[in-house]
Amino acid sequence: MRSPAVRLAVIAGDGIGPDVTTEALKVLDAVRPLLNSGISVEHLPYGAEHYLSTGVSISPGEMSRLGSEFDVILVGALGDPRVPGNEHARDILLGMRFKLDLYVNERPARLFDDRLTPLKGKSASDIDLVIFRENTEGLYAGIGGIFKQGTPDEIAIAEEVNTRRGVERIIRYAFEWGRSHAKTRVTMADKANAIPAHGLWRRAFEEIGEEYPEINRDTRYIDAMAMDLIRTPESFQVIVTGNLFGDILSDLASTLVGGLGIAPSANRNPGRVEMFEPVHGSAPPLAGKDRANPMAAILSLGMLLETVGEQDAASAVESAVRSAIAAGAVTADLGGSLGTRAVGDAIADRVRRSAK
């Protein structure tokens, strides 16, 4: 007996968002024979076109519906030069993170093929880590403002917010994930030597870490962490950090495994709706030109499938991406010659064969 259908909301968004989302959904169709439950898809129109035509980015009622009527959300990309302030992207993307309390930003960095890393002498066995970024606090909380804008006396203030509850829950999530995935080390990055408020992170990390005696723990200042991530990526398995530092480190880590074109992510709060997205941005100049790499969107779909309990389907998607990379069935950013649609076809075909 099949389980009830998973309710999936799709926001293709702007720029290359519709291009890569189309390929992810193509792969979803290919993997359906492996699913234990159905997945119903509802396309939502939110993005620059909707905002420019209606003046509404996303209504409070629709944001509430995302949190109550769906199990998972897949986002393509948001950002359009016709909206210079990108207020629609902020309302939709940051709105989901804050208003749906998606406090975990999960960014895996796994090297699928040795040829993809710019690091000399490093192989796939050296780079396999995940970064957990606190997703609802820090400098992104939006507390502050600008005074006397445009004058010689202009003052810009941004306040960093770190609550005990927020810090504890992201650190605990990282340790729990490490335990459930048989990891042996969790590393935390902060700047406690220069920012006294980061002492909260250090105290919480040590206190919570004591509850996981089987997992080694260490702390790094963010500047040393960035250097060590390049010098010795094999030293890291699980990294946990704040909102701004996590944003920077996760992009750096993606560069070590082939770039943003193969960088998926999840925005989580266990037991609630969760949102998945490639992190490469909307790249408006590439929109509709069959040049964007769809692998990050497809790998985000794989994370989504694993989250809803479809492990066989998720494994099939990741294996198909690995196989396509190994065969050179990739876009130009990975050294190939295929377009967006052809890469999607190559991965969907591999998934389809594995599902027989």
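The values are calculated or read from the model by the stated rules, or taken from the named source; none is laboratory data. None of these values were measured; they are calculated from a predicted model. FYI the Cβ positions are ideal-geometry reconstructions off the backbone, even for glycines, and counts take in every protein chain you see.
Things worth noting here:
- In segment 329-356, the residues that are free of Cβ contacts under 8 Å to residues at least 12 places away in the same chain reach residues that are assigned to a loop (DSSP other than H, G, I, E, B) with C-beta atoms within less than 7 angstrom, at least six apart or across chains, in these pairs: Gly336/Gly328; Gly336/Ala329; Gly336/Val330; Leu338/Ala329; Leu338/Val330; Leu338/Thr331.
- Lys122 being in contact with an Asp or Glu (Cβ under 7 Å, 6 or more places away or on another chain) and either in the same structural domain as Met96 (by TED's automatic domain parsing) or basic (Lys, Arg) (or both): no
- Residue match in segment 311-324 (condition: assigned to a loop (DSSP other than H, G, I, E, B) and either touching a strand residue (DSSP E or B) at 6+ places or on another chain (Cβ under 7 Å) or of a type outside the set (A, V, I, L, M, F, W, C) (or both)): no
- Matching residues, segment 37-58, being β-branched (Val, Ile, Thr) and under 22 Å from the mean Cα position of the chain (by Cα): Ile39, Val41, Ile58
Residue by residue, here is whether (1) more than 19 Å from Val343 (Cα to Cα); (2) not hydrophobic (A, V, I, L, M, F, W, C); (3) not in a loop (DSSP other than H, G, I, E, B) holds:
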position: Leu229; (1), (2), (3): yes, no, yes
position: Glu234; (1), (2), (3): yes, yes, yes
position: Phe245; (1), (2), (3): yes, no, yes
position: Ser250; (1), (2), (3): yes, yes, yes
position: Thr255; (1), (2), (3): yes, yes, yes
position: Met275; (1), (2), (3): yes, no, yes
position: Ser282; (1), (2), (3): no, yes, no
position: Arg291; (1), (2), (3): no, yes, no
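- Strands (runs of 3 or more DSSP E) wholly inside segment 120-184 that include at least 2 residues being more than 24 Å from Gly258 (Cβ to Cβ): 138-147, 155-161
- Qualifying residue in segment 206-228 (condition: in contact with an Asp or Glu (Cβ under 6 Å, 6 or more places away or on another chain), over 26 Å from Ser125 (Cβ atoms) and surrounded by 15 or more Cβ atoms within 10 Å (Cβ to Cβ)): no
- You will find that of Pro233, Pro270, Pro285, Pro264, the residue that is under 13 Å from the mean Cα position of the chain (by Cα) and not polar (S, T, N, Q) is Pro264 and no other.
- Listed by position, the strands (runs of 3 or more DSSP E) enclosed by segment 1-111 that each have at least 3 residues that are touching a Leu at 6+ places or on another chain (Cβ under 7 Å) are 3-13, 37-44, 72-77.
- Which numbered condition Ile298 fails, given (1) assigned to a helix (DSSP H, G or I); (2) of a type outside the set (D, E, K, R); (3) assigned by TED's automatic domain parsing to the domain that holds Arg172: (3)
- Within segment 258-273, tally of residues that are under 30 Å from Ser123 (Cβ atoms), touching a helix residue (DSSP H, G or I) at 6+ places or on another chain (Cβ under 6 Å) and either hydrophobic (A, V, I, L, M, F, W, C) or part of a strand (DSSP E or B) (or both): 5
- Within this structure, Tyr173 passes the test of being closer than 25 Å to Asp223 by Cα and in contact with a Phe, Trp or Tyr (Cβ under 7 Å, 6 or more places away or on another chain).
- Note on segment 275-297: residues that are in contact with a helix residue (DSSP H, G or I) (Cβ under 6 Å, 6 or more places away or on another chain) and farther than 30 Å from Glu69 by Cβ total 2.
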